[in-house]
Amino acid sequence: MLLRLPYSLHYPITITSLLKSAGDDVKKDEALFRYNYKTKVEEINIWGETEWKERNFPTRFESTVDGQVEEWKISEGDVIDGPIDVVEIAEPCAHEVQYGGMCAECGKDMTEASYNTEMMDSMRAPIQMSHDNTALTVSEKEANRVEEDAKRRLLASKRLSLVVDLDQTIIHATVDPTVGEWKEDKDNPNYEALRDVRQFRLIDDGPGMRGCWYYIKLRPGLEDFLQNIAELYELHIYTMGTRAYAQNIADIIDPTRKLFGDRILSRDESGSLTAKNLHRLFPTDTKMVVIIDDRGDVWGWNKNLIKVSPYDFFVGIGDINSSFLPQKQDIGETNNKAVAKPPKPEPKEHHANGAADKPTGEGDVSALAQLVTMGGGDDPRLRAEQTNAQEETILHQVEDRPLLQKQKELDAEDDGSAESSESTSSIEEPQENKHRHHLLEDHDRELFQLQERLEQVHAKFFDEYDRTRTSGLGGRVAALRGERVPMKDKDVDLKLVPDVKDIMPKIKSRILGGIVVVFSGVLPLGTDTKNADISRWAMSFGITISSRINGRTTHLVAGRNRTAKVREATRWPEVKIVTTQWLLDSLVSWRYLDEEPYLLPVHPDDRGEPLSPKSRELADSSWLSSSDEAAGSMFTEDEAQSEDIFRETGLDDHSPVGYDENEQAAVHDELRDFLGSDDESESDNDAWGDDQTSGGKKRKRGEGADAGTDDESADDEEDEDKQGSRLSQRIKRSYERSTGLREVASAVPTENNALPTREQAEQEQDIDKAAASNAGSDDGLPENPDDDEDDLEREMLAAFENDDDDDEDIVDENE
Amino acid sequence: MFFLKEEAKVITLHPSYFGPNMREYLITRLNEEEEGRCTGDHFVICVMDMVDIGEGRVMPSSGHAEYTIKYRAIIWKPFRGETVDAIVTSVKPTGIFTLAGPLSVFIARKNIPSDIKWEPNTVPPQYTDHADQVIEKGTSLRLKILGVKPDVAAINAIGTIKEDYLGPL
């Protein structure tokens, strides 16, 4: 070890003599060299006066380690100004493997500290490497060596490492005693489904440490899956359950331990209760590791991760080992009900105070709550609390018997409305699609898909590896070196190992890359769209999440119908409006699924006419250009982005979504009240015409302002109507900020009132044309002069179908 | 090394146990609490006999009785240099974990003879010299303790099998 002078010496120092020469043995705390240092001291002279004098003091430097002096880096007479390396000492033992505070090689105590201790010996081996023992730590060098060996071995056998999560990934566990009763009861409707549920008992677990039974349902096809995958991957278990739990599960899924061996890591050894860390298992290199887990957030959306859809067999139980994890963001909750009425945000249950969460199907989690729970991992007090919370979850489950409750509800429902439920569609998620007669169903196909995906990654990895190895310089070098390298190195070249972190995203983005998705009604208001679980997941596939619809948008993923964005998207013919299920299914199956079965049935009222190419350009550019302008219409948004941004960039002024139906009805009435007469619409046309001539390229903005002035009468009217209502104020604002795009939509809806006719539309077109010639530039035109008769006709037809929902547009037109 | 050690323990007894079987109860309590305990310095293997149970003292205010029991017990205190037999609990690329009775002993790779190599491809993985010596989970080993480190309620030890007459039995 190279000894370095500490900062604490009184520099500059002068070396006076070296006490040891190369080859000498030296013990800890034995003097290595003498040196002098200068400092000022207080002295009392013969007259009794104190004065500061600079004095030279000799002292000696002591070794901090045992060993043999190899080489001096300094010589006698040197003056040293700061910390430098002074001597190389060969240690008999570098303490690279330590066990329980001892060096595992020489048996020396690593926790000793003295006045001369620069760095604790225990710091030399900081890495925990073994799955099931936290007392064993190794140095980085040793970790590297072990890992390199492992990689060689894997490459030679053409395998990768696979880290497998247990709960909800390959099994589903519950402690609800109802399962045990149903299992015994042949008459129970769930008897069939429960037949292959395994059970075990953990003695010092559960309420009051009395022990409780765990019921384990294996994911369908698990046995084959593990057998097949074990040929391509070396399997590791990484679970948030306790050690005993993990061992018991391993006994069930792998009784011979041929698959997992003792590569099992539980939360007892994980080091964190809230996050999983790949470096705990693979401290230096994660190139050859693939993870499968049902939660991406605990892994920080690691690039090695394949997120699988959670296995939810025992309905409503969720993950029994996740009560201290940040709450799951529920991304799968899109059932028919949600389409009909906006999901109410459920009151968030607090973890720390022990109100155990009822895991799945519950409310959405704010990013903040997540951070808070995530951050609690290091605080021992919080950790204890979280463990208590976990215990209480189990207690709740044992006592409350959620399954029994659900079955009761189900039976009650059964008696009540049997027929109406038959119509619920069957493409919904399995857990949502509760059968009428028994609660538990078992038609999960995830593992079969997963196997394909893992095979795909494996094949791609070794293709890449073989390619780089046989081609190019690396291959030649390897070939040249072939004679010299030892046998084990012959078929492997560690430098050429590709990285799963590169390969997986490549495969994934080939499938779904290039898609630009806009969410609508998927995430609760106030969520950061870019950081929500579903977004992170989608982004790992190279999908771009955008907050607004523009020309690049390919899909609108709508959590429910009739949102502002759905309406807007109808005007972009190439934007496919799909349900959330499409995205989820695509992500889960790693396929670009056909959108057809997932298309959202757009309410006819919401269907706006398609934007013409020109106005689309306008829209695209206006996103950029208008962002710094205050003029713009109100954009009421039910999603995450702040309203201000929309207000600034404003383009859309559709009626606000997210208000309840009464309010909406009120607004519609209000609108209908001041839906203008012919005069108004004419004046509007006039205004527009004026505008065309003056506006030029910035015509759009100018027109907005003009329209605003024209609006005034209507505004007054409205002010009288509903001054206080925030909604009406918003709408008012939106009138003032009318934009060109709105005109597009509004040109036809006027027909709804049977006021203007085709004549008027034609008239408008004429104006447009005139304006185009006048202004010399028409790229700002909302109404495209190229619109032909067919377009017009279609627009008119569409407009006939419109109803009050578009009234706002009509108003704009009529002002 | 094993010792016969005389020790004393204070047991408090709830008044509901006052009665004819008090003595038996005290003995059961002592056995339950002491046997198998690790003090951080040694393991209590077995309580041999009571030297003196002594007179109980009723504590004021609570009514509990306090007994100071003197007893003799066989204890095991592992020493550096001691040779013990142990059973392998798991094998890792970095070394072997073994259990010598209550004591967990780790044998680092450096303390395994160099001809006995890590062989991860077998099921279960093992250390072997590709001859008659195979070390896998469950194998009995004779090892020498290289170092002992007391902890709060446990003792960690490291061992070696890199000497004559050590290794799989």
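The values are calculated or read from the model by the stated rules, or taken from the named source; none is laboratory data. As the structure is a computational prediction, the values presented were derived from the model and not from experiment. Glycine gets a Cβ as well: all are built from the backbone with ideal geometry, and neighbour counts include every protein chain shown.
Which residues, counting only those in the range B:106-116, are more than 10 Å from chain A (Cβ to nearest Cβ) and surrounded by fewer than 20 Cβ atoms within 10 Å (Cβ to Cβ)?
The answer is B:Pro113, B:Ser114, B:Asp115.
If A:Asp149 satisfies every condition in (1) more than 7 Å from chain B (Cβ to nearest Cβ); (2) out of contact with any strand residue (DSSP E or B) (no Cβ under 6 Å at 6 or more places or on another chain); (3) surrounded by fewer than 18 Cβ atoms within 10 Å (Cβ to Cβ) but one, which is the exception?
Condition (1) is where A:Asp149 drops out.
Out of the residues in the range A:553-589 that are charged (D, E, K, R) and touching a residue at least 40 places away in the same chain (Cβ under 8 Å), which is surrounded by the fewest Cβ atoms within 10 Å (Cβ to Cβ)?
Only one residue tops the list, namely A:Arg562.
Condition (residue is more than 14 Å from chain B (Cβ to nearest Cβ), modelled with pLDDT of 85 or more and surrounded by 14 or more Cβ atoms within 10 Å (Cβ to Cβ)) applied to the range A:104-112: is it met by at least one residue?
No: the range A:104-112 contains no residue that is more than 14 Å from chain B (Cβ to nearest Cβ), modelled with pLDDT of 85 or more and surrounded by 14 or more Cβ atoms within 10 Å (Cβ to Cβ).
Is the range A:152-162 home to any residue that is at positive phi, more than 10 Å from every other protein chain (Cβ to nearest Cβ) and surrounded by fewer than 18 Cβ atoms within 10 Å (Cβ to Cβ)?
The answer is yes; a qualifying residue exists.
For the range A:274-291, enumerate the residues that are surrounded by fewer than 21 Cβ atoms within 10 Å (Cβ to Cβ), in contact (Cβ under 8 Å) with a residue 40 or more places away in the chain and away from chain B (no Cβ under 14 Å).
Residues satisfying the conditions are A:Ala275, A:Leu278, A:Arg280, A:Asp285, A:Lys287.
Among the residues of the range A:572-585, which ones are under 17 Å from the mean Cα position of the chain (by Cα) and either assigned to a strand (DSSP E or B) or assigned by TED's automatic domain parsing to the domain that holds A:Arg295 (or both)?
none
For the subset of the range A:198-230 comprising residues that are over 32 Å from the mean Cα position of the chain (by Cα) and at pLDDT 75 or above, which member is farthest from A:Asp251 (Cα to Cα)?
A:Cys212
Taking the range A:143-174, which residues are over 23 Å from A:Ser266 (Cα atoms) and acidic (Asp, Glu)?
A:Glu148, A:Asp149
Considering the range B:85-105 alone, what residues qualify as being under 19 Å from B:Cys46 (Cα atoms) and in contact with a Pro (Cβ under 7 Å, 6 or more places away or on another chain)?
Answer for the range B:85-105, where residues must be under 19 Å from B:Cys46 (Cα atoms) and in contact with a Pro (Cβ under 7 Å, 6 or more places away or on another chain): just B:Leu103.
Among the residues of the range B:83-90, is any within 14 Å of chain A (Cβ to nearest Cβ) and modelled with pLDDT under 90?
yes
If you check B:Gly19, B:Gly63, B:Gly36, B:Gly40, which single one turns out to be within 14 Å of another protein chain (Cβ to nearest Cβ) and loosely packed, with under 14 Cβ neighbours inside 10 Å?
Testing whether each residue is within 14 Å of another protein chain (Cβ to nearest Cβ) and loosely packed, with under 14 Cβ neighbours inside 10 Å leaves just B:Gly40.
Restricting the search to the range A:231-260, which residues are of a type in the set (A, V, I, L, M, F, W, C), under 28 Å from A:Ala156 (Cβ atoms) and either within 27 Å of the chain's Cα centre (by Cα) or not in a helix (DSSP H, G or I) (or both)?
The answer is A:Leu235, A:Ile237, A:Leu259, A:Phe260.
Of the numbered conditions (1) within 30 Å of B:Asn156 (Cα to Cα); (2) at the interface with chain B (Cβ under 10 Å from one of its Cβ atoms); (3) not in a loop (DSSP other than H, G, I, E, B), A:Ser122 fails exactly one; give the number of that condition.
Exception for A:Ser122: condition (2).
Let me confirm something: among B:Thr98, B:Thr160, B:Thr128, which residue is under 28 Å from B:Glu34 (Cα atoms) and outside the structural domain of B:Met50 (by TED's automatic domain parsing)?
When all the criteria are applied, what remains is B:Thr98.
Taking the condition of being buried (at least 24 other Cβ atoms within 10 Å of the Cβ), β-branched (Val, Ile, Thr) and within 30 Å of A:Val289 (Cα to Cα), how many residues in the range A:171-183 meet it?
So the count comes out to 1.
For the range B:96-105, state whether one or more residues are within 14 Å of chain A (Cβ to nearest Cβ), without any contact (Cβ under 8 Å) to a residue 24 or more places away in the chain, surrounded by fewer than 20 Cβ atoms within 10 Å (Cβ to Cβ) and within 23 Å of the chain's Cα centre (by Cα).
yes
For the range B:122-135, which positions are more than 10 Å from chain A (Cβ to nearest Cβ), of a type outside the set (S, T, N, Q) and surrounded by fewer than 18 Cβ atoms within 10 Å (Cβ to Cβ)?
B:Asp129, B:His130, B:Ala131, B:Asp132, B:Val134 - these are the residues of the range B:122-135 that are more than 10 Å from chain A (Cβ to nearest Cβ), of a type outside the set (S, T, N, Q) and surrounded by fewer than 18 Cβ atoms within 10 Å (Cβ to Cβ).
Would a scan of the range A:88-95 turn up a residue that is of a type outside the set (Gly, Ala, Ser), more than 15 Å from A:Phe33 (Cα to Cα), within 14 Å of another protein chain (Cβ to nearest Cβ) and surrounded by 15 or more Cβ atoms within 10 Å (Cβ to Cβ)?
Yes.
Considering only the range A:512-544, state which residues are crowded, with 19+ Cβ neighbours inside 10 Å and either aromatic (Phe, Trp, Tyr) or closer than 21 Å to A:Glu574 by Cα (or both).
A:Leu512, A:Ile515, A:Val517, A:Val518, A:Phe519, A:Ser520, A:Gly521, A:Val522, A:Trp537, A:Ala538, A:Phe541, A:Ile543
Hey, can you tell me all the residues within the range A:527-559 that are out of contact with any strand residue (DSSP E or B) (no Cβ under 8 Å at 6 or more places or on another chain) and assigned to a loop (DSSP other than H, G, I, E, B)?
A:Thr527, A:Asp528, A:Asn531, A:Ala532, A:Phe541, A:Gly542, A:Asn550, A:Gly551
Only one of (1) under 25 Å from B:Phe97 (Cβ atoms); (2) more than 14 Å from every other protein chain (Cβ to nearest Cβ); (3) without any contact (Cβ under 8 Å) to a residue 24 or more places away in the chain fails for A:Tyr191. Which number is that?
Going through (1) under 25 Å from B:Phe97 (Cβ atoms); (2) more than 14 Å from every other protein chain (Cβ to nearest Cβ); (3) without any contact (Cβ under 8 Å) to a residue 24 or more places away in the chain one by one, A:Tyr191 breaks only (1).
Any residue in the range B:38-60 that's closer than 27 Å to B:His14 by Cβ: show its pairings with residues that are polar (S, T, N, Q) at Cβ separation under 8 Å, as long as the two are six or more apart or on different chains.
Listed pairs, sorted by first residue: B:Val47/B:Asn31; B:Gly54/B:Thr68; B:Met59/B:Thr12.
For residues in the range A:126-139 being part of a loop (DSSP other than H, G, I, E, B) and facing another protein chain (nearest Cβ under 10 Å), which is surrounded by the most Cβ atoms within 10 Å (Cβ to Cβ)?
A:Ser130
Go through the residues of the range A:586-594 one by one and say whether even a single one is aromatic (Phe, Trp, Tyr) and in a strand (DSSP E or B).
No, the range A:586-594 has no match at all.
From the list A:Glu51, A:Glu76, A:Glu71, which residue is part of a strand (DSSP E or B), farther than 21 Å from A:Thr117 by Cα and either touching a helix residue (DSSP H, G or I) at 6+ places or on another chain (Cβ under 9 Å) or in contact (Cβ under 8 Å) with a residue 12 or more places away in the chain (or both)?
The conditions single out A:Glu71.
Please state which one of B:Glu119, B:Glu163 is within 14 Å of another protein chain (Cβ to nearest Cβ) and either surrounded by 15 or more Cβ atoms within 10 Å (Cβ to Cβ) or under 20 Å from the mean Cα position of the chain (by Cα) (or both).
Answer to the selection: B:Glu119.
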